[in-house]
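Participant: Could you have a look at this structure, given as structure tokens, before my questions?
What follows draws every value from the coordinates through simple rules; no lab data is involved. In this text, all values refer to a predicted model and were calculated from it rather than measured experimentally. Cβ: placed from backbone, ideal geometry, glycine included. Neighbour counts: every protein chain shown.
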Amino acid sequence: MSNRAALLAVLTAFALGLVASLAIRPASRVVHEGQRAGLAEVRWRLPVAFGTNLPALGDNALYVAESLRAASGGSFQVEVFEPGELVPAFSIVDAVRDGKVQAGYTWLGYDQGKLPASVLFGAVPFGMQPWEYTAWWFEAGGQELAREVYAPLRVHPILCGIIGPETAGWFRFEIDSLSDVAGLKIRFAGLGGKVMQRLGASVTMLPGGEIFQALEKGAIDATEYSLPAVDERLGFDRVASINYYPGWHQPFTAAHMVVNRAAWAELTDTGRALLTTTCTAGVIRNLSRAEAMQGPVVKGFAAKGVSALTLPDPILAELRRVSEQVLADEAAADADFARVLASQRAFSQDYAYWKKLAYLRAGARGEDEDPQ
């Protein structure tokens, strides 16, 4: 055999061996590469409305971002920016609409000025409990209504977090009647703020990071903001010794990831499914974390000289009456508001048949109605 023929034989054998090795490559690697084939590399910036140092309210955005990165094998990454780093906390939807960022994590009630119905997706006075809201969102047309309402802004909203009731507020003195609210300078958000205005309060809106200083310096007399664990982290208990309950104005607080419509369209089907699924995981994790940490915080109030008080029933009844007036006026002024509110109420009316019968009251569970 000539040298040329021998070389040709060696090359042929090498080629056949290479083909054979590819043919018997482990199936696990083939499956892995097939999974990644449907997910293009994505790098987004994600401004958030709440500081990520705030438990449950703010840190859920970090959980969602990390889960998205891990689940995608690093292909889908969102970089979280604290409030004000890229855009003001109350302007996230505007930035997403204008394409300045691909997405944001926020409370939709901040859009009330330009989209009156938006606040109903964030919180409703004397409205649904958190799990009731998620049932409406996922199973009774809530997310479809949100997409319709936000379509003019070219924004795609995804439910991405939810927490339980806020406190009714932090005050320096007790509220014996709603006449005590008249003239009060208070930080209040959403529809609850409109209720307080009707009761004669001077209502202002401030981002979370600015509330303590305003309260400490007397620019405001009282404030509501979020869960006890969040309010404690912001230091409200150091400047106001009375914390009222229940959070009549926000029985739930929903957070959404808002995505620029063009950025949403550019994602593959796999990317869209991954983002939606990760946010859904964020919802249950967020509520679980929020509920788990409030009891110990409230339990520790007494040692700090903080009184956790319940608003008297006559005051709650009057707050509900005024809330109904505000909701009726808002519905009369905006067709989308009326449509979303009607959908929520229709669901709640049907859900009430189950809700009233199925769940044990605290006393029936053997729990003390008043742990203090």
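Participant: Do you know which residues across region 83-99 are assigned to a loop (DSSP other than H, G, I, E, B), free of Cβ contacts under 8 Å to residues at least 60 places away in the same chain and surrounded by 17 or more Cβ atoms within 10 Å (Cβ to Cβ)?
Facilitator: Within region 83-99, 86, 87 qualify.
Participant: Just for region 155-196: of the residues that are assigned to a helix (DSSP H, G or I) and touching a residue at least 60 places away in the same chain (Cβ under 8 Å), which one is surrounded by the fewest Cβ atoms within 10 Å (Cβ to Cβ)?
Facilitator: The qualifying residue surrounded by the fewest Cβ atoms within 10 Å (Cβ to Cβ) is 178.
Participant: Kindly provide the set of residues from region 41-82 that are part of a loop (DSSP other than H, G, I, E, B), crowded, with 21+ Cβ neighbours inside 10 Å and out of contact with any helix residue (DSSP H, G or I) (no Cβ under 7 Å at 6 or more places or on another chain), ordered by number.
Facilitator: Listed by number, the list holds a single entry, 58.
Participant: Kindly provide the set of residues from region 243-258 that are of a type outside the set (Ser, Thr, Tyr) and not in a loop (DSSP other than H, G, I, E, B), ordered by number.
Facilitator: 243, 254, 255, 256, 257, 258
Participant: What are the residues in region 223-242 that are over 21 Å from residue 292 (Cα atoms) and assigned to a helix (DSSP H, G or I), if any?
Facilitator: 238
Participant: Any idea which residue in region 197-212 is surrounded by the most Cβ atoms within 10 Å (Cβ to Cβ), counting only those that are within 24 Å of residue 233 (Cβ to Cβ) and aliphatic (A, V, I, L, M)?
Facilitator: Result: 211.
Participant: Right, next: Condition first: touching a strand residue (DSSP E or B) at 6+ places or on another chain (Cβ under 7 Å), in a helix (DSSP H, G or I) and over 24 Å from residue 352 (Cα atoms). Now tell me which residues in region 100-127 satisfy that.
Facilitator: Residue satisfying the conditions is 108 alone.
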